[in-house]
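Q: Dropping the structure in here first, questions after.
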Amino acid sequence: MLTKEQIAQRIAQEVQNGQYINLGIGIPTLVANYIPKSLDVVLQSENGLLGIGPFPSEEMVDPDLINAGKQTITMVPGSVLFNSAESFAMIRGGHVHLTILGAMEVSENGDIANWKIPGKMVKGMGGAMDLVASAENIIVAMQHCSKDGQSKLLSKCTLPITGIKCVKKIVSDLAVLEILPEGGFLLKERAPGVSVEEIKSKTEGKLIVPDSVPEMRLS
Amino acid sequence: MINKTVKDAREAVADIPSNAFLMMGGFGLCGIPENCIAALLERDINGLTIVSNNAGVDDFGIGLLLQKRMVKKMISSYVGENAEFERQLLSGELEVDLIPQGTLAERVRAGGAGIPAFFTPAGVGTEVAEGKELREFDGKLYLMEKWLRADFSIVKAWKGDTAGNLIFKGTARNFNPIMATAGKITIAEVEELVPAGELDPNEIHTPGIYVQRIFQGKNYEKRIEQRTITKS
């Protein structure tokens, strides 16, 4: 089973040179630590920045410079700032190439649920619905099962959904899976030490297992 | 040049009545109009509806207005950081409309730009789409969202001039420039107010035509929600 850092590390292998990328809160934020320095990519923060840099030193902290998780950040050279309407124009307009976000559930047709648990305090969807409705490529970082062992890769989401037919790829603590256009989770890779049988038993939705399922490589 | 200057926050918000429909700039606690919020707390008004991406924290920002029970309804995209907010919501004292952040921004932009409605993909197939018109364009479904316009928009900028022109700093810009366009009366508080003519017209983000009142704020706390540091 992969740690959160290893999930982030595996997702970072999907990043391509020249991409503009939006990273969600949680595991997706960690992806930034593993993107190879040889790639030129730009990270978007939906509160109005292209060019997120590392967290600041104590002396460099600026309360007027935060990311969408409200964390203090810095800007890389070549950054640009803009207002919230412009930020979501970039997102909805399809100018952001890759969106990486977390999920509570994903269904075999690519629906995602990640904003609301009935009976619990509803905090809001933030920018998640705009992002999933618009991004051309969405990768989800998630745990394969809930803490009590229930599969989160389902035939149909049970929680209120955030967007329909939008997820293209999932990296979980057990596997890398693609969602096929006709529906179904195509098993592409398994985490080191995890068997195909275990993934089968922990995937409630339709799982397609090819003849050969290589082990993930985490460099 | 028309002079938009008022003396201070107290004068700027003096005529905001109970049950007014307000917009307030800011993302989290970044770029919020601290001085106007403090001045509103001195007013004996309630029943406010506030459009703001977030609802502050318990003891800062819009959270202070909630504590004084001045707010009837929040229109926001994310409201997670506030225990008093949760209490009032669960007890039915407070209404909340949760709106996708990009839709919220575009509704405000549309309000300022005179566009009564538009179609967006955000929320199609979710509960956000309930009761809304759906239409297909080029094979994809979109839902109709309407503009938002306010009685008063209250924004915070870094620099401004007496003509109401504004310049923002960092990610404290966020919703401020679009909200400035969508208020019947827009109040701008700025960290530094200069005479008209001193700001470079090439550098201005918000043209003064949108701003009716401007003043230089003081004692900005600029509280940080998540102080995150790289250890050297």
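Every number in this text was worked out from the coordinates using simple rules, so none of it is lab data. Quick caveat: nothing in here was measured; it's all calculated off a predicted structure. FYI the Cβ positions are ideal-geometry reconstructions off the backbone, even for glycines, and counts take in every protein chain you see.
Q: What is the local net charge at B:GLU42, summed over the other residues whose Cβ is closer than 11 Å to its Cβ (Lys, Arg +1; Asp, Glu -1)? Before the final figure, lay out the partial values.
A: Working: positive: B:ARG10, B:ARG43, B:LYS68; negative: B:ASP44.
Summing Lys/Arg as +1 and Asp/Glu as -1 gives +2.
Q: Quick check: Cα centre of the stretch A:192-216 to Cα centre of the stretch A:94-149, how many Å?
A: Distance between centres, Cα-based: 22 Å.
Q: What ranking of B:TYR78, A:TYR34 emerges when the number of other C-beta atoms within 10 Å of each C-beta is taken as an exposure proxy, fewest first?
A: Details: B:TYR78 23, A:TYR34 17.
Lowest to highest Cβ neighbour count: A:TYR34, B:TYR78.
Q: If we count every other residue with Cβ under 14 angstrom of A:ALA141's Cβ, Lys/Arg +1 and Asp/Glu -1, where does the sum land? Intermediate values should be presented prior to the final figure.
A: Numbers: positive: A:LYS4, A:ARG10, A:LYS152, A:LYS168, A:LYS169; negative: A:GLU5, A:GLU14, A:GLU105, A:ASP173.
Taking every Cβ under 14 Å from that of A:ALA141, the sum is +1.
Q: Towards the positive end of the charge dipole of the stretch B:1-60, with charges on Cβ (+1 Lys, Arg; -1 Asp, Glu), say which of B:ALA20, B:LEU40, B:ALA55 has the farthest Cα.
A: B:ALA20
Q: Just tell me how shielded B:103-110 is by partners: mean number of partner chain Cβ atoms within 10 Å of each residue's Cβ, no decimals.
A: 5
Q: What is the projected area of the convex hull of the Cα atoms of the stretch A:4-208, averaged over all directions, in nm²?
A: On the way: hull surface 49.3 nm².
Its Cα hull, projected and averaged over all orientations, spans 12.3 nm².
Q: Additional query: How much of the DSSP bridge set in the stretch A:4-208 is antiparallel, in percent, rounded to the nearest 5?
A: Close to 50 percent.
Q: Next question, about the same structure. Grab the DSSP H runs of the protein assembly as shown that are 4 residues or longer, score each as -39,500 (n - 2.57), total them, divide by all residues and round the 222 nm result to the nearest 500 deg cm²/dmol. Don't skip to the end; give the middle numbers.
A: Details: 11 runs with 81 residues, N = 451.
Calculated at 222 nm, the ellipticity per residue is -4500 deg cm²/dmol.
Q: Enter the mean number of other protein chain beta carbons within 10 Å of the beta carbon of each residue in A:18-28, as an integer. Before the final figure, lay out the partial values.
A: On the way: counts 0, 0, 0, 0, 0, 0, 0, 0, 0, 0, 0.
Average neighbour count from other chains, rounded to a whole number: 0.
Q: Rounded, prolate or oblate for the stretch A:1-54? Axes are the square roots of the Cα gyration tensor eigenvalues, ordered a ≥ b ≥ c, and the cut-off for rounded is a/c under 1.5. Please report the intermediate quantities before stating the final value.
A: Numbers: a/c = 2.33, a/b = 1.35, b/c = 1.73.
In terms of gyration-tensor shape, oblate.
Q: Percent antiparallel among DSSP beta bridges with both residues in chain B, to the nearest 5? Intermediate values should be presented prior to the final figure.
A: Values: 13 of 42 bridges.
Expressed as a percentage, antiparallel bridges in chain B total about 30.
Q: Using Cα pairs under 8 angstrom and six or more residues apart, how large is the relative contact order of the stretch A:134-219, in percent? Could you put the intermediate results ahead of the total?
A: Numbers: 134 pairs, mean separation 24.3, N = 86.
After rounding, I find 28 percent.
Q: Kirkwood-based Rg over Rh for the stretch B:1-142 (C-alpha set), two decimals? Show your work: numbers first, answer last.
A: On the way: Rg = 17.1 Å, Rh = 16.7 Å.
The Rg/Rh ratio comes out at 1.03.
Q: Considering only DSSP beta bridges whose two residues both sit in the protein assembly as shown, what percent are antiparallel, to the nearest 5? Walk me through the numbers on the way to the answer.
A: Working: 31 of 80 bridges.
Roughly 40 percent of the beta bridges in the protein assembly as shown run antiparallel, per DSSP.
Q: For a quick check: sort B:ASP44, A:ASP62 by the number of other beta carbons within 10 angstrom, fewest at the front. Display every interim value, and only then the final one.
A: Numbers: B:ASP44 7, A:ASP62 18.
Final ranking by Cβ density, sparse to dense: B:ASP44, A:ASP62.
Q: Please give the residues of the stretch B:170-203, grouped as numeric ranges, whose backbone N is less than 16 Å from a label point set 7 Å along the Cα-to-Cβ vector of B:LYS222.
A: B:170-174, B:189-193
Q: Can you classify the stretch A:125-209 as rounded, prolate or oblate using the Cα gyration tensor, where a ≥ b ≥ c are the square roots of its eigenvalues, rounded means a/c under 1.5, and otherwise it's prolate if a/b beats b/c and oblate if not?
A: On the way: a/c = 1.84, a/b = 1.56, b/c = 1.18.
Since a/c reaches 1.5 and a/b is larger than b/c, the shape of the stretch A:125-209 is classed as prolate.
Q: Note down the net charge around B:GLU93, summing +1 for each Lys or Arg and -1 for each Asp or Glu among other residues with Cβ under 15 Å from its Cβ.
A: Details: positive: B:LYS68, B:ARG69, B:LYS72, B:LYS73, B:ARG87; negative: B:GLU84, B:GLU86, B:GLU95.
Counting the neighbours of B:GLU93, the net charge comes to +2.
Q: Can I ask one more? What is the mean number of Cβ atoms from other protein chains located within 10 Å of the Cβ atom of each residue in peptide B:173-179, rounded to a whole number? Before the final figure, lay out each step's value.
A: Numbers: counts 10, 11, 5, 3, 6, 4, 3.
Mean inter-chain Cβ contacts per residue within 10 Å come to 6.
Q: Follow-up question, since we're still on this one. Rounded if a/c is under 1.5, else prolate if a/b beats b/c, else oblate: with a ≥ b ≥ c from the C-alpha gyration tensor eigenvalues square-rooted, which is the stretch B:53-211? If you can, show how the numbers build up before the last one.
A: Values: a/c = 2.45, a/b = 1.25, b/c = 1.96.
The shape class here is oblate.
Q: Related question: How big is the protein assembly as shown by Rg and Dmax over its Cα atoms, in Å?
A: Here Rg and the maximum Cα pair distance are 22.8, 76 Å.
Q: Here is a follow-up. When A:THR162, B:THR162 are ordered from fewest to most other Cβ atoms inside 10 Å of their Cβ, what list results? Each step should come with its number before you reach the end.
A: Values: A:THR162 29, B:THR162 18.
Ranking A:THR162, B:THR162 by Cβ neighbours within 10 Å, fewest first, gives B:THR162, A:THR162.
Q: May I ask for the distance between the Cα centers of the stretch B:53-81 and the stretch B:134-203, given as a whole number of Å?
A: Each part's Cα centre sits 20 Å from the other's.
Q: Also: Pairs B:LYS4/B:LYS156; B:LYS156/B:LYS222; A:LYS123/B:LYS169; B:LYS4/B:LYS184; B:LYS159/B:LYS218: which are spaced more than 18 Å apart, C-alpha to C-alpha? Could you put the intermediate results ahead of the total?
A: Values: B:LYS4/B:LYS156 15 Å; B:LYS156/B:LYS222 11 Å; A:LYS123/B:LYS169 28 Å; B:LYS4/B:LYS184 14 Å; B:LYS159/B:LYS218 13 Å.
Cα-Cα > 18 Å for A:LYS123/B:LYS169; rest within.
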